[in-house]
Amino acid sequence: MNDCMPHSAPEPIFEQPWHAQAFALTVHLNESGRFTWPQWVERFSATLARHGISKDLNGGDDYFTAWLETLEAILAEAGTAAPEEVESTRQDWEKAYLETPHGDPVRLGGG
Amino acid sequence: MPHDHSDHPHALLPPDPALRVKALETILTRKGLIDPAALDEIIDTYQNKIGPQNGARVLARAWCDPAFKEALLADADPVLAQLGYYGRQGEHMVVVENTPQQHNMVVCTLCSCYPWPLLGIPPGWYKSDAYRARAVREPRAVLADFGVSLPEGTRVRVWDSTAEVRYLVLPMRPDGTDGFSEDQLAELVTRDSMVGTGLAKTPEGTT
């Protein structure tokens, strides 16, 4: 029977909130003229192909991991968001989460 | 000490990629390159407003209106634009018609190009390596996985979407739907039937 077919279970539009955020960020940057969609697809396809060599990618986390890596690379090359800046801002966010009492909104200090 | 879930001392730490996305958002917002409200709007649009119901309405109309169908198959973009469906990424839409002779199936072998304005965000399986690789190599086996078996005389044609061209399948109108309204017909047009990994539903009570 069809019980394990991939299409039989209802699926959320985005499996994880960060998938939606990475998607929206990319669409927004495209629509504001940072890159064309064919340029995006070319880079993203190359990342997927590279990741797909060592494992069979699922269409969820694997897919958006490749998506995010592509976006980071494009923004790093354009000088828009350097890797060191991304890493230090990521650490700021991590610290903010760890220091914010449970239930309170998480904000970057001194941002 | 046992971990007490009712008393988290701090906010739950999101996974690493989520923090990296937040970092990009923060940096781009500080530089004035993005508008956080626009991000929310995009997510809301794709999560709540755009979905397979859009494509279903268009194709149900094609079943009812021969002139509309002819125009849609000949050049979909202007027809869809009139209905308010246009590709935000500048892509072209092409509608391919299923017939007793030919079943159409859509894939994007490179990544996951998909007719967003008509179907929304693609499901996980459409983005998986398994589907992307197998759809071209063994479409009938993929169709069988989806529970679709075609008559022997029906050939399968696979269309590979790109950044520029996105395909939508016009499934065959099910038997037993004479006199159905467009709304009733739209209920029968499933997402999978528009990707070609399914057929339109048959009306209840028939087989």
Query raised in the report: For the stretch B:55-94, how many residues are buried (at least 22 other Cβ atoms within 10 Å of the Cβ), out of contact with any strand residue (DSSP E or B) (no Cβ under 9 Å at 6 or more places or on another chain) and at pLDDT below 95?
Result: 0
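Take B:ASP183 and tell me if it is of a type in the set (D, E, K, R) and closer than 23 Å to A:TRP67 by Cβ. I'd like the intermediate steps shown before the answer.
Values: of a type in the set (D, E, K, R): yes; closer than 23 Å to A:TRP67 by Cβ: no.
It is false that B:ASP183 is of a type in the set (D, E, K, R) and closer than 23 Å to A:TRP67 by Cβ.
Hey, which of the helices (runs of 4 or more DSSP H) in the stretch B:101-207, taking only ones fully inside, have at least 2 residues that are within 22 Å of A:ILE13 (Cα to Cα)?
Correct list: B:116-119, B:124-127, B:129-137, B:191-195.
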Requested in this report: Would you confirm whether any residue within the stretch A:49-62 is in contact with a helix residue (DSSP H, G or I) (Cβ under 8 Å, 6 or more places away or on another chain), modelled with pLDDT of 95 or more and aliphatic (A, V, I, L, M)?
Outcome: no
Query raised in the report: With A:LEU29, A:LEU75, A:LEU71 as the choices, which residue is modelled with pLDDT of 95 or more, farther than 23 Å from B:CYS108 by Cα and open to solvent by less than 10 Å² (accessible area, probe 1.4 Å)?
Result: A:LEU75
Report task. Could you tell me whether any residue of the stretch B:29-37 is surrounded by 20 or more Cβ atoms within 10 Å (Cβ to Cβ) and not in a loop (DSSP other than H, G, I, E, B)? Result -> no
**Report entry** The one condition in (1) assigned to a helix (DSSP H, G or I); (2) under 19 Å from B:ILE34 (Cα atoms) that A:GLY79 fails to fulfil
**Finding:** (1)
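Quickly run through the stretch B:156-188 and pick out the residues that are aliphatic (A, V, I, L, M) and either open to solvent by 10 Å² or more (accessible area, probe 1.4 Å) or touching a Pro at 6+ places or on another chain (Cβ under 6 Å) (or both). Before you say what the answer is, go through the steps one by one.
So the first thing to find is which residues in the stretch B:156-188 are aliphatic (A, V, I, L, M), and the list is B:156, B:158, B:163, B:165, B:168-170, B:172, B:185-186, B:188.
Within the stretch B:156-188, B:VAL156, B:VAL158, B:ALA163, B:VAL165, B:LEU168, B:MET172, B:ALA186, B:LEU188 meet the criteria.
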Query raised in the report: Would you say A:ARG34 is open to solvent by 10 Å² or more (accessible area, probe 1.4 Å), part of a loop (DSSP other than H, G, I, E, B) and either acidic (Asp, Glu) or within 9 Å of another protein chain (Cβ to nearest Cβ) (or both)?
Result: yes
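Residue under question is B:LEU110, and the condition is that it be hydrophobic (A, V, I, L, M, F, W, C) and closer than 26 Å to B:GLU41 by Cβ; does it hold? Outline the logic, then answer.
Values: hydrophobic (A, V, I, L, M, F, W, C): yes; closer than 26 Å to B:GLU41 by Cβ: no.
When the stated conditions are applied, B:LEU110 does not pass them.
Check the stretch B:18-25 and report whether any residue there is under 25 Å from B:THR162 (Cβ atoms) and of a type outside the set (Val, Ile, Thr). First the steps, then the outcome.
Keep residues of the stretch B:18-25 that are under 25 Å from B:THR162 (Cβ atoms), which gives none.
So far as the stretch B:18-25 goes, no, none of its residues is under 25 Å from B:THR162 (Cβ atoms) and of a type outside the set (Val, Ile, Thr).
Free of Cβ contacts under 8 Å to residues at least 60 places away in the same chain, in contact with a Ser or Thr (Cβ under 9 Å, 6 or more places away or on another chain), within 18 Å of B:TYR131 (Cβ to Cβ) and in a loop (DSSP other than H, G, I, E, B): does that describe A:LEU57?
Values: free of Cβ contacts under 8 Å to residues at least 60 places away in the same chain: yes; in contact with a Ser or Thr (Cβ under 9 Å, 6 or more places away or on another chain): yes; within 18 Å of B:TYR131 (Cβ to Cβ): yes; in a loop (DSSP other than H, G, I, E, B): yes.
So A:LEU57 passes the test.
Is it the case, given these coordinates, that B:PRO203 is assigned by TED's automatic domain parsing to the domain that holds B:MET93 and either surrounded by 19 or more Cβ atoms within 10 Å (Cβ to Cβ) or touching a Leu at 6+ places or on another chain (Cβ under 9 Å) (or both)? Talk me through it step by step, then tell me what you get.
Details: assigned by TED's automatic domain parsing to the domain that holds B:MET93: no; either surrounded by 19 or more Cβ atoms within 10 Å (Cβ to Cβ) or touching a Leu at 6+ places or on another chain (Cβ under 9 Å) (or both): yes.
Spelling it out, it is not the case that B:PRO203 is assigned by TED's automatic domain parsing to the domain that holds B:MET93 and either surrounded by 19 or more Cβ atoms within 10 Å (Cβ to Cβ) or touching a Leu at 6+ places or on another chain (Cβ under 9 Å) (or both).
The values are calculated or read from the model by the stated rules, or taken from the named source; none is laboratory data. Just so we're clear, the structure is a prediction, and the values are computed from it rather than from any experiment. Note that we place each Cβ from the backbone using ideal geometry, even for glycine, and neighbour counts take in every protein chain shown. Remember, those area values only see protein heavy atoms, side chains included, never the ligands or the DNA or RNA. Shrake-Rupley method; radii C 1.70, N 1.55, O 1.52, S 1.80 Å.
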